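**Student:** If you scroll down you'll find the structure; I have some questions about it.
Bear in mind these aren't lab numbers, they're just calculated from the coordinates by the rules spelled out. Note that the structure is a prediction, hence the values are computed from the model and not measured. So basically every Cβ, Gly included, is an ideal-geometry build from the backbone, and we count neighbours across all protein chains shown.
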Amino acid sequence: MRLSSARLDEISLDLVEPFETSFGVQHARRFFVLRLETRDGLVGYGESVATEDPLYSSESNASVRDMLLRHFLPKILRSPAITPEAFRKEVAHFRGNEMAKSAVETALVDLAAQARGVSVARYLGSDRSRIEVGVSVGIQPSISALVARVGRYLADGYHRVKLKVRPGWDRAPVRAVRRRFPELEIWVDANQAYPPEAVDRIRDWAEANRVSQVEQPFAERAIWAHALLARGAPFRVCLDESIVDETSLEDALAARAITCLNVKTGRVGGLLTGRALARRAARAQIPAWVGGMLESGIGRAHNVALAARGEMTLPADLSASDRYYREDLVDPPFVLGPGSTLEVPRRPGIGVEVLEKVVRRHRISSRTYRPG
């Protein structure tokens, strides 16, 4: 593939409702969409999952913009024949910046799949027509509001919920949800909010309330604390922020600090690394699943394609479009179907149409770059 242009749009979309985690509260999402066009007229899209401030990871919108404009876009626009695999090799010497790399790689995967006349799912070797999903529930203003919110999601058809927790918002809210919904599968996610000495405290309330999975309670480099929590735990200990590449996964496996893997496309630098991590987890008999970062329909389409691989054995955090935004960037939207599932797009590329009119309505800035 040879590119004729690259367009970088900065987008702002209002969330249906505020989403609160241990990092803070989001009312809207401001992010970048990358549009690549080939000389043959194919158009591919990628999305950056970075946020305005470096809270979830060390990356931010500012760092992503810098890496794209100074390094990655000039590189792919100069290339006489760029592929997703070649791009990964060419930028491997740049440390980190996985979210910026992912924005480019996913757009290239979209193009490569279209060039072959297949969907992104088929390009990745995925064979499912539908994927099972759950819903992530942010920290609520009160416990009663949390229980009511969970009830509404269950009424919508979701079978599994993940509750965001932090010190001071854990035992009581989880207990309230368990009492109201005694048979519900409950996961919890702390986004690194707890100190390492909280191992026994977390184990106590998680076990008492029959939590199935505890995700990333400690800092990303606190592998030993996660290993202590995982030792003999009746629940899965899932790592998210700690796993950024194959080396970090190997370290976590060696330390026995992981019994479940969350694969986020943006966090690990793209779909190709995400697929490799899922394969390695399967060889280690570690269940894996695809996590979300409040993506628009563009990023969700890529994620759904990855989640359709056979190694992804647990429900993904990829809820329906109306869970996130009143107006999404793609058509058709992702709709929750029977059995708490989403359909995997089958058309070439990401399999959904990016609505340029909607993109223009919500973009803050736009700039197009061409070779030379």
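**Student:** Cut-off under 27 Å on the C-alpha distance; same-chain residues fewer than 8 positions from K162 excluded. Which lysines are left, in chain and number order?
**Tutor:** K264
**Student:** Once every DSSP H run of n ≥ 4 in the chain is given -39500 (n - 2.57) and the sum is divided by its residues, what mean residue ellipticity at 222 nm do you get, rounded to the nearest 500 deg cm²/dmol? Walk me through the intermediate numbers first.
**Tutor:** Values: 14 runs with 129 residues, N = 372.
Only helices count here, giving -10000 deg cm²/dmol.
**Student:** Right, something else. If R₀ is 41 angstrom, what is the calculated FRET efficiency for the pair S5 and R152, using the beta carbon separation as r and rounding to 0.05?
**Tutor:** Given R0 = 41 Å and the Cβ-Cβ separation, E is 0.40.
**Student:** For the range 322-372, state the average projected area of the convex hull of the C-alpha atoms over all orientations, rounded to one decimal in nm².
**Tutor:** Numbers: hull surface 21.7 nm².
Averaging across all directions leaves 5.4 nm² for the Cα convex hull.
**Student:** May I pose another question? So what's the angle, to the nearest 10 degrees on a 0 to 90 scale, between helix 199-208 and the longest Cα principal axis of the chain?
**Tutor:** 80
**Student:** Between K89 and S12, what is the FRET efficiency for a Förster distance of 22 Å, r being their Cβ-Cβ separation, to the nearest 0.05? Please report the intermediate quantities before stating the final value.
**Tutor:** On the way: r = 34 Å, r/R0 = 1.54.
Once rounded, the FRET efficiency stands at 0.05.
**Student:** Calculate the all-directions average of the projected area of the range 1-118's alpha-carbon convex hull, and give it in nm².
**Tutor:** Mean projected area of the Cα convex hull: 7.9 nm².
**Student:** Also, I was wondering about something else. Return one number: the angle in degrees, 0 to 90 and rounded to the nearest 10, between the long axis of the Cα atoms of helix 271-283 and the longest principal axis of the Cα atoms of the chain.
**Tutor:** Around 40 degrees separate the two axes.
**Student:** I need the Kirkwood Rh of the chain: take the reciprocal of the average 1/r across all distinct C-alpha pairs and report it in angstrom.
**Tutor:** Taking every pair of different Cα atoms in the chain, averaging 1/r and inverting gives 20.7 Å.
**Student:** Also: Counting only DSSP beta bridges with both residues in the chain, tell me the antiparallel percent, nearest 5.
**Tutor:** 60
**Student:** Could I ask something else about it? Going Cα to Cα from K89, which lysines come in below 18 Å? Please leave out same-chain ones fewer than 8 positions away.
**Tutor:** Leaving aside lysines fewer than 8 places away in the same chain, those within reach of K89 are K75, K101.
**Student:** Highest first, please rank the peptides 61-71, 117-127, 184-194 by the mean number of other Cβ atoms sitting within 10 Å of their residues.
**Tutor:** Descending mean neighbour count gives 184-194, 117-127, 61-71.
**Student:** Of all DSSP beta bridges located in the range 123-343, what percent are antiparallel, nearest 5?
**Tutor:** In the range 123-343, DSSP labels about 20 percent of beta bridges as antiparallel.
**Student:** Roughly how tilted is helix 297-307, in degrees to the nearest 10 and between 0 and 90, from the longest Cα axis of the chain?
**Tutor:** 70
**Student:** Per 10 Å bin, what is the whole-percent P(r) computed from every C-alpha pair distance within the range 123-343?
**Tutor:** 8, 35, 37, 19, 1
**Student:** Still on this structure, please answer the following. Output the relative contact order of the chain, whole-number percent, from Cα pairs under 8 angstrom with separation of 6+ residues.
**Tutor:** It rounds to 23 percent for the chain.
**Student:** For the range 123-343, calculate the relative contact order in percent as a whole number, restricting contacts to Cα pairs under 8 Å that are 6 or more residues apart. Working shown, then result.
**Tutor:** Details: 408 pairs, mean separation 50.8, N = 221.
Reported relative contact order: 23 percent.
**Student:** Going 7 Å from the Cα of R179 in the Cα-to-Cβ direction, what parts of the range 126-145 have a backbone nitrogen less than 19 Å from that spot?
**Tutor:** 140-145
**Student:** Just name one of S4, A305, V211: the one whose Cα is farthest towards the positive end of the charge dipole of the chain (beta-carbon charges, Lys/Arg +1, Asp/Glu -1).
**Tutor:** S4
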